[in-house]
Structures are given as C-alpha cells and as structure tokens.
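The values are calculated or read from the model by the stated rules, or taken from the named source; none is laboratory data. Computed from a prediction, not measured in an experiment: that's the story for all the values here. All Cβ positions, glycine included, derive from the backbone under ideal geometry; neighbour counts span all protein chains shown. Side chains included, ligands, DNA and RNA excluded: accessible areas come from the protein's heavy atoms. Shrake-Rupley method; radii C 1.70, N 1.55, O 1.52, S 1.80 Å.
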Amino acid sequence: MANLRTEPVEHTRLHIGGEWVDAMAGGELDTVDPATGEVFARVAQGEAADIDRAVAAARAAFETGPWPRMKPKERAAALWRLGDLLLADAAEMGRIETLDQGKPYAIAQAGDVPTAAGLFHYMSGYATKIEGETIPISAPGRYHTYTRREPLGVVGLIVPWNFPLVITSWKVAPALAAGNTVVLKPAEATPLSALRLAALALEAGIPPGVLNVVNGYGSSAGAALAAHPGVDKVSFTGSTATGRKILDAAGGNLKRVTLELGGKSANIVFPDADLDKAITGSKDAIFFNAGQACAAGSRLYVHDTVYDEFVAGLVEQTKKIRVGDGFDPDTEIGPLAGREHFDRVTTYLDAGSREGTVLTGGRRVGDAGYFVEPTVIADAAAGARVTREEIFGPVVVVDRFTSEDEVVRVANDTRYGLAAGIWTSRVGTAHRVAERLRAGTVWVNTYGVFDPSMPFGGMRESGWGREMGHEVLHDYTDVKTVCVNIDD
C-alpha cells in the first residue's frame, strides 16, 4: 500500500501543442490526497495567458494540422489505440484517480479506467459514420441538395472532480472523433488523470495540439476558456450555479454550449417491487462514489405499505458499508474529494439532524482525511434543505407515498431533471411512470447503468445537450447545406 501512495506522479505541467510546459506566471497548485488531507504533488497552475496559448495551439492544429483532414479510418484507429493504451495503463491510471479523488483503487482500476477506454473504443467507430443526407427539394429547377456534418473547430472542455477520467472521456472522445481539436480544463482538485491521458494520446498517434490540457482554477483558467473568442464550443459538467456563469461567458461570440449540471434525483419503490433487489439497488444508487454523482438517487420515495420493511433493510445494509482509505482492498466508500466539499456536506448533515430523523450515519469518520458516514434521513419536510438541495454526498432522504399520482407529483417537484429510478414488477407501471417523470434518464429495476451507447443529460436546470450515444455527435458537429444547380 505504501508505494501506491508515495510513488511520484509523472506529469504535473501543462500540456500545450504536444509539449510539457510551465505556467507562464510560474504558479502551482497543491494536489491533496483526500484520504490523508496531505499534499502529495504540485501541478502547474494555468491562467488566462496559458489558455490563450492552448487555444492558439488547438486552432493551428485544426486549421493547418492533419487531424481534421485525416481519413476517418485513421482518426478511428488513433482513438482505438488510445482506448487500448488506457487499458494497458489501468494500474497507474487507477492509482492516480485514487490519490487525486479518493475513490477505492479496485473501483478506479477495474471500473473507471475500462469505462473510459470503452468510450474511446465506441466513439472511434463514429469517426467513420458521421454522415449527411440528400434532400429532395421542391424549388423550380433541378438541384442536387445535400448536407454535410463538419467539425466545429476548437472545443473547450471543463470537467469536474467526481469522475475525473470518465467524464473527461465522455467529452474528449466524441469531440476528437468528429475532427475537432480540444483545450481541456480539468478540475483543480483532480488534474492528474487528464495530464496522463494527454501523454497517452500522443503515444496513440493523435497529433500535437489536438488535445491540450491546462490545469487551473475555474475562476481564472475555466472562465477564460468559456469566454475565449477563439473557442467554438464549450462543454461543461458541474454545478448548476457554475453552469449559469459558463453560459454568460460563452455569449460573447455565441459559442455552442453543452451543460451537464446538478441533480436531486427521485428513486421510487412501488409496493409490488422485488424489495431485496430494490433495497440493494437504492443503497448503491446513493452511496456509490460516496454519493458524489450528479445522478445519485438522493430522494427515495417508498410506498406506504412496504415502507417500514424497506427502510429497515436499507438501514441494515447501510450500516455494513465499509468507509476507508481507497488503497485498502476492503473499502467500499472512500473519502469525499476535498476539504471544501467535506465542509459543505457536513453542513448538510447538521441540517438533516434538525430537519428530519437520522436513522443511521450523520457523522464524520475518523480525525484525518475527509470521510463521512453513509447517512439515511427520514421524516424531512418537502421544503427541507436536505430534500430540495443537491448535497453531493452519501446522504439519502427517504419518504413514503400512497399513490402513483402523488409520487409523480413530488418526484417532479424540483428544479432539476437529470435522472430517476423506478422499482416495480408491473410493466405498465414502469412505462407509464417513466413517461411522466421529467428526467433525462429513467432506470427501471436498476440504477446507475451507463454505457457509451446511452445518451445521458438533463432537463430543466440539469442542463442542455447530451453526453454519449450518437446524440452527442450533434453537439460536436455543424450542419452545412449544399444546393447544386444540375440543369444544363
């Protein structure tokens, strides 16, 4: 365990134009291990001037470099190689994710890294399948009219700290498959996997300048990227409040915007559900990744006739969850990702003890690092903070309902609309309620299933646009209409 924590990290500088460079102002960021609260590395801290450099490199790679002009099968081959390199690098990439974010090493190595690799493998296929259409038109004369899907140009990508490598791959893979070039701004708390990905991209044959990485704070480097006139599109994943700032900043040159934002997702258990399956699935829906997931099933609604049995089972399973160091093979939940977020979540734990009944959890674990107990809260009012606001931690609020109409109403009574869950043995109930819920993804008799082929994104204040699936390519391409007079 010791060498996994103490072995040095290879890439800590900015990656611009295929080169590893220091920040122009010479600044550095501390990278903190959330299991210990101690600094284990320092990375270059990019500012607006470094964003300028990266955008210039990306623009040159787009305008004069080979990437957009490669044969589609050549781009596909490079992206596939990058997926293969990620799989071969799973041990080190997983170690970096655990050090940086805190998640269990076994999950990072066997889950996050293969998921990221799968994104590059899947999207590599779309590099050869970006197609236009022929259109029969009714204007007088004879015309051959068709559309072309073309890359947008330079794309700015801003990713969060909860799934650093996976969400980076959600964005980088389709952007590159479509022929764009990228400036990536990872979260300041978790920059290391993005830097390592950039090194692997060069090894895979992706040309210099196509994937640039600038570490830095959101308020400086992120804001500069969102507002930059040389950027044609920005894709952001993070909080709804920050998403509004991204949208305002992007308005200067009317760049395209994709926003995958917050959630307060409802998870509904009907009386005919398989309760054993629903209890385990609902536990995983909220406590996976220590609840640091935008789609977490944080509002749990259970039918009154099975409420007592369900909640007793949920509390029993929750108490058995092992919280600890991500490098301990017995750990199921690691620490929260940083001190600031730890303070925020513990504030909600305090609020929950006042607003409802804490059935289990509700406290810090240990004296070092940023660990909290998995927490189940009951009897909170509909207007309580823990019921209405995104906590982004291992905290679930459970309530009872008596009818389908009632639970659909309360499930939709939120400003968010990212995801939802339904547990029922009735096919009609499943399809009917899925149709009525205002959420971008609805899982039935499961929760948190993701696949490269499944579009993911939100409604209302949970964002615009989609990640993954063929839908995402619409967000990274532009449509050009060509109309040719074929009358001689």
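Quick notes on this structure:
- Relative to the current alpha-carbon distance between ASN445 and HIS474, full extension at 0.36 nm per residue lengthens the span by 7.4 nm.
- Probe 1.4 Å, all protein chains present, accessible-area order of GLU406, GLU260, largest first: GLU406, GLU260
- For region 1-132, the relative contact order comes to 22 percent (Cα pairs under 8 Å, sequence separation of at least 6).
- Net length available on complete extension from ASN253 to ASN3 is 85.2 nm, with 0.36 nm assigned per residue and the Cα-Cα distance removed.
- Protein accessible area in region 127-222, 1.4 Å probe - carbon and sulfur %: 50 percent
- For region 380-482, the relative contact order comes to 20 percent (Cα pairs under 8 Å, sequence separation of at least 6).
- Against the criterion of solvent-accessible heavy-atom surface with a 1.4 angstrom probe, THR12, THR115 sort, most first, into THR115, THR12.
- Rounded to the nearest 10 square angstrom, LEU254 shows an accessible area of 150 square angstrom against a 1.4 Å probe.
- Taking all protein chains into account, the per residue accessible area for region 349-488 stands at 46 Å² (1.4 Å probe).
- HIS144 accessible area, 1.4 Å probe, all protein chains in place, Å² to nearest 10: 80 Å²
- The long axis of helix 427-436 is offset from the longest Cα principal axis of the chain by roughly 60 degrees.
- Distance between the 7 Å Cα→Cβ label points at ASP350 and SER219: 2.2 nm.
- Across q = 0.18, 0.24 Å⁻¹, region 210-286 modelled as identical point scatterers on its alpha-carbon atoms has Debye log10 I(q)/I(0) values of -0.73, -1.11, in the order of the q list.
- Per-peptide average of other Cβ atoms within 10 Å, ordering 271-281, 63-73, 220-230, 478-488 highest first: 220-230, 271-281, 63-73, 478-488
- Residue-averaged [θ]222 nm for the chain, counting only DSSP H segments that reach four residues, each worth -39500 (n - 2.57): -11000 deg cm²/dmol
- Remark: the MET24-SER239 segment gains 74.5 nm on full extension, using 0.36 nm per residue and subtracting the alpha carbon distance.
- GLU332 sits with roughly 90 Å² accessible to a 1.4 Å probe, with DNA, RNA and ligands left out of the calculation.
- Near-label residues of region 122-161 by backbone N, under 15 Å of a point 7 Å along Cα→Cβ of THR481: 133-140, 143-149
- Rel. contact order, % - alpha carbon contacts under 8 angstrom, at least six apart, the chain: 18 percent
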